[in-house]
Amino acid sequence: MEQHTYPTDLVQAQIDYHRAYQALAADPYGFHTERRRRLLHLSAQVLFHPYWEKTGGRGRLEGLRRQARTLEPAPTA
């Protein structure tokens, strides 16, 4: 499998997106306006990052997700 190098800020935005998504899913009955806004903001950061213009598209998005998951620290109990 081909390994790609992603900008640090893009990887961090993907990690933050994943955490925000998990926080939103963990409390299905809570007040979610702020969490949804954060998720939308992070989604835009990832999808409209200048990196995608340089590489010719978002076809490598799954690779970014995989890399972010491997770099994300394990949750503490």
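Every number in this text was worked out from the coordinates using simple rules, so none of it is lab data. Since the structure is predicted, the reported quantities are computational estimates derived from the model, not experimental observations. Positions of Cβ are backbone-derived with ideal geometry, glycine not excepted, and every protein chain shown enters the neighbour counts.
Under the 0.36 nm per residue contour assumption, what length would be gained going from the current alpha-carbon distance of Ala44 and Glu72 to full extension? Walk me through the intermediate numbers first.
On the way: separation 28, 0.36 × 28 = 10.08 nm, distance 1.99 nm.
Value of the extension gain: 8.1 nm.
Could you grab the relative contact order for the chain? Cα pairs under 8 Å, six or more apart, rounded to a whole percent.
Relative contact order for the chain comes out at 46 percent.
Stretch Gln22-Glu53 to full length: gain in nm at 0.36 nm per residue minus the Cα-Cα span?
Taking 0.36 nm per residue and subtracting the Cα distance, the gain is 8.3 nm.
Rounded, prolate or oblate: which one fits the chain, using the alpha carbon gyration tensor with axes a ≥ b ≥ c (rounded when a/c is under 1.5, else prolate when a/b beats b/c, else oblate)? Present the calculation step by step, with values, prior to reporting the outcome.
Working: a/c = 2.82, a/b = 1.57, b/c = 1.79.
Here the chain falls in the oblate category.
For the chain, find the longest principal axis of its Cα atoms and tell me its angle to the long axis of helix 61-71, 0 to 90°, nearest 10.
Relative to the chain, helix 61-71 is tipped by roughly 70 degrees.
Note down the net charge around Glu72, summing +1 for each Lys or Arg and -1 for each Asp or Glu among other residues with Cβ under 14 Å from its Cβ.
Here the count lands on +3.
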